[in-house]
Structure formats: structure tokens, C-alpha cells
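In what follows, a single structure is set out as C-alpha cells and then discussed.
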Amino acid sequence: MAVTLDLAAATPAVAKKQSLIGMDRVQLSEALASFGLTEKQIRMRVSQLWNWLYVNGVTDFDDMLNISKGLREQLKEKFVLNRPEIVSEQVSSDGTRKWLFRFTDPEQPNMPPVDVETVYIPEEDRGTLCVSSQVGCTLTCTFCHTGTQKLVRNLTAGEIVSQVLMARERLGDFPGGTRPTDGVVPKKGLRTITNVVMMGMGEPLYNYEHVKQAMLLMSDGEGISLSKRRITLSTSGVVPFIEKVGEETGVMLAISLHAVRDELRDILVPINKKYPLEQLLQACRDYPGLSNAKRITFEYVMLKGINDSIADAKALVKMLDGIPAKINLIPFNPWPGSEYECSSWAQIEKFADVVNIAGYASPVRTPRGRDIFAACGQLKSETERMTKKDRDAITAAH
Ligand code: SAH
Ligand code: SF4
């Protein structure tokens, strides 16, 4: 006999509280409106809260020293400063860091928590944070590990921006913080996180409103203050939203191209059946603000015997002719059960030569953090055991 458990009845009700992290200024003002403050006071409090949350990274209302004790108590009753729990933090031999964060939605406290991966990639002149937008993905690109995990849910703006706050905290990037000594390399004087790429789990344009709000928070000059030129949104090609990204956020765009023919792209990036190459390239040509100083990055994963021929390379540069573009060749990163192999280095070099001769500089992206499964397309929040074959494939690819 089937037994249905009424979980809602079994779990004690937990009070719903909204998180202030992720709200824009209008929402914060609305949040404060119920406390009987004048408009002028609200404006002042919003600016103080903004500073505490995004510049100082505080996680406790009691640390907000310029906010009166009475108001802090009122805030505590209704709101939280929701940050995720750190399930794990791994540091790769090349200094890349991967966190598994666990989020509980404070507005739905009885729902199961979700696990999200965020990756930090340090280089001498920059530190890039790869941020997730969804738990899982509705799309099923055949070479991508996240594509094998069904969509669990969209992340909220607060959960997206919290990944940046958590990473800043762990990297000692907030005032008074200390940088860890292992693995962090950006030069002294630089912040540890200088760039954000929306290239973690999920398709950001299928969670557009939340991603947009989070990116606007990241680029707010009085808060996290990252330049829009240093925030990149990567999409598999959700054409109807591309123009909006340019108009409403002004961030940099990356397109997961991966194939130069519709028949092949239909297989590798199945959303191509809905928005084929011609439509995608037209949306790129029309991207607002495009210029030689603001180019679109075209990502191209190198799959042995699938899309890595010299003819493909020639077709690629021909296809992008006239679009201010950068080309990023990504060596395929294997994952447990993946069907593809990475192209040989010799083939990647030959392919890159064609791209180089056409005027695109340093097009190959060095794989980072493969040993901790932090490289592009390896993210998936369910822990899976690796078989020996998969471990060998990773070692061979290094
Ligand atoms: N959903 C978005 C952003 C996340 S994926 C998108 O598809 O653009 C970030 C980048 O990693 C994309 O270019 C994606 O195609 C690439 N990628 C996915 N799986 C990969 C793998 N196994 N090896 C290398 N790159 C991969
Ligand atoms: Fe989703 Fe991007 Fe992976 Fe495709 S490549 S399955 S869109 S995360």
C-alpha cells in the first residue's frame, strides 16, 4: 500500500522572513516603510544598510553600528541577512577554489535546501568568480555535466549575489579580512575578485529577472562596485533575451557557439532547434553597445572528431566576420559518463592558428581546477563517484 507522508504537517512551521540581501534600493525602502520612518530617514537607512551589506559584508544586524538598537531589533523580527552554509571548499593544485554552498529560501523555510557550486579562478592580474544562476539546467547540451542534472529551481537575486559575498568573505576581500595564503595570486593592491562570469550552473537567460537584478547589484558603484566591463553573461543562445541584456544591464556577452552548422549545433546545444544560428548571429550583430572595445566572446568547446576540423575553424572565422568578437577555444573537460573526448593539443593548436591568422588573439582558454571538478561544464551539485576510467581521462587531459 502506498503511504503518502504529509511533510508540511510533520515539519514544524518555521517563520517566513525575507532576506535583505538581493533587494534593490526600492525594495529596501519598501521594507523599511512599515517602521514609521520619514522619507528622508528611509533614504539614509537604505544607504547605511547598502554599505553594511555590500561594502562591509556584515552578516549580523548587531554589527550595523550606525543603526539604532531599536531599529535593529525591528529589522531582526521581520528580516534576515541570508547567506548560504558552506558545505565544502576545495582548493585545486592550480589555486582554483570551488565552493559548494547550501541555500535555504527564508521565504519557504520548509522547502528542502539546494546546493550550488561557485568557482574562483585566480590569475596574476585578475581574479574571476564563476557564478551559478540555477540549480541544474532545463537545457541538455550533450557535452555539459550540468545538463545531466534536471532543473531543481531558479536562484533568487539574493542567492546569486550571495555567492559573490561569500567568496569575498572567504578570500578576505572585505575590509578587515585576511587573505588566505594558499592559492590566491592576484597582485597586491588588486581585489581578489575583479571579474564575475555567469558561467556556473544553469542558463542565466532562463532566470533573467533575478540574474539581471543580481548583476545590477554587483555593478552598483556604492556597493560591490564591479565594472560592467568585468561582468560577463554566458548564454547558450536564448535569442529573445539577448537584446534586453544589452539594454537593461550593459554587461559583456558570451555566446556558447560550439558549432558552425545547424545540424551539429542541434545536437550539441539543442536550444539551437528553437533559435538556429542565423537568428543567433543576427541577435549578436544587433547587441546594444557593441564596438571594438566591447566585443562578444564566442565560446567553442574543442571536441575530438566532432567540431575540431580545419574546415570548421575556417567556417568559424568566416561566420563571425563583421561582428566585433573574441573567440575562446575551450578544451573539453571530461566528467563521469561523458561521451566526448577533448581534441588533441596538436589539433587545438592547428585550429587556433586559423583563428589567430584571422586576427583573434590568444584564443585558447587554459583549463583550470580540473582536479577538483571545477572546470567549465563539470559542475553538478550531486556528488558522484568517479570511475577509474574517468579519473584516467582527467589525468591524460592535463
Ligand atoms: N548555460 C550557460 C552558462 C553556463 S556554461 C551557457 O551555456 O553558456 C559555461 C560554459 O562552459 C559554456 O560555454 C558551456 O558551453 C561550457 N561547457 C559546458 N560543458 C563543458 C565541458 N564539459 N567542457 C568545456 N566547456 C564546457
Ligand atoms: Fe545548461 Fe549551459 Fe550546460 Fe547547456 S552548457 S546544459 S545551457 S549549463
Those residues of the stretch 29-43 which are part of a helix (DSSP H, G or I) and loosely packed, with under 15 Cβ neighbours inside 10 Å amount to GLU30, ALA33, GLU39, LYS40, GLN41, ARG43
Among (1) within 13 Å of ligand 2 (Cβ to nearest atom); (2) surrounded by fewer than 16 Cβ atoms within 10 Å (Cβ to Cβ), LYS244 falls short only on (1)
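For every residue, the table says whether it meets (1) within 16 Å of ligand 1 (Cβ to nearest atom); (2) among the charged types (D, E, K, R).
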{"position": "GLY95", "(1), (2)": "no, no"}
{"position": "PRO113", "(1), (2)": "no, no"}
{"position": "ILE121", "(1), (2)": "yes, no"}
{"position": "ARG126", "(1), (2)": "no, yes"}
{"position": "SER132", "(1), (2)": "yes, no"}
{"position": "CYS137", "(1), (2)": "yes, no"}
{"position": "THR142", "(1), (2)": "yes, no"}
{"position": "ARG170", "(1), (2)": "no, yes"}
{"position": "GLY177", "(1), (2)": "no, no"}
Filtered residue count, the stretch 279-328, keeping only those that are under 24 Å from the mean Cα position of the chain (by Cα) and of a type in the set (Val, Ile, Thr) | 4
State yes or no: is LYS188 among the charged types (D, E, K, R), within 16 Å of ligand 1 (Cβ to nearest atom) and either over 18 Å from THR232 (Cα atoms) or at pLDDT 95 or above (or both)?
-> no
Taking the condition aliphatic (A, V, I, L, M), modelled with pLDDT under 95 and under 13 Å from the mean Cα position of the chain (by Cα), does MET201 pass?
-> yes
Mind checking which residues of the stretch 111-138 are surrounded by fewer than 19 Cβ atoms within 10 Å (Cβ to Cβ) and in contact with a strand residue (DSSP E or B) (Cβ under 7 Å, 6 or more places away or on another chain)?
-> PRO113, ARG126
Checked the stretch 144-160 for anything away from ligand 1 (no atom under 13 Å from the Cβ), more than 13 Å from the chain's Cα centre (by Cα) and in a loop (DSSP other than H, G, I, E, B); matches are LYS150, VAL152
Would you point out which residue out of LYS76, LYS69 is touching a helix residue (DSSP H, G or I) at 6+ places or on another chain (Cβ under 7 Å), more than 13 Å from ligand 2 (Cβ to nearest atom) and within 30 Å of SER47 (Cα to Cα)?
-> LYS76
Elements of type strands (runs of 3 or more DSSP E) in the stretch 192-293, at least 2 residues being out of contact with any strand residue (DSSP E or B) (no Cβ under 8 Å at 6 or more places or on another chain) = none
Here are some residues: ALA374, ALA361, ALA346. Which one is closer than 26 Å to ILE327 by Cα and modelled with pLDDT under 75?
-> ALA374
Could you please give the count of residues in the stretch 125-137 that are more than 16 Å from VAL211 (Cα to Cα) and either within 9 Å of ligand 2 (Cβ to nearest atom) or not in a loop (DSSP other than H, G, I, E, B) (or both)?
-> 3
Within the set of pairs 6 or more residues apart or between chains, which connect a residue that is farther than 10 Å from VAL260 by Cα and open to solvent by 10 Å² or more (accessible area, probe 1.4 Å) inside the stretch 310-330 to a residue that is part of a loop (DSSP other than H, G, I, E, B) and among the polar types (S, T, N, Q) with Cβ atoms less than 8 Å apart?
-> PRO324/ASN292
Do we have ASP94 as in contact (Cβ under 8 Å) with a residue 60 or more places away in the chain, over 22 Å from GLY136 (Cβ atoms), surrounded by fewer than 20 Cβ atoms within 10 Å (Cβ to Cβ) and not hydrophobic (A, V, I, L, M, F, W, C) here?
-> yes
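The values are calculated or read from the model by the stated rules, or taken from the named source; none is laboratory data. From a predicted model like this one, the values you see are computed outputs, not experimental measurements. Backbone-built Cβ (ideal geometry, glycine too); neighbour counts: all protein chains shown. Heavy atoms of the whole protein, side chains included, go into the accessibility calculation; ligands, DNA and RNA do not. Shrake-Rupley method; radii C 1.70, N 1.55, O 1.52, S 1.80 Å.
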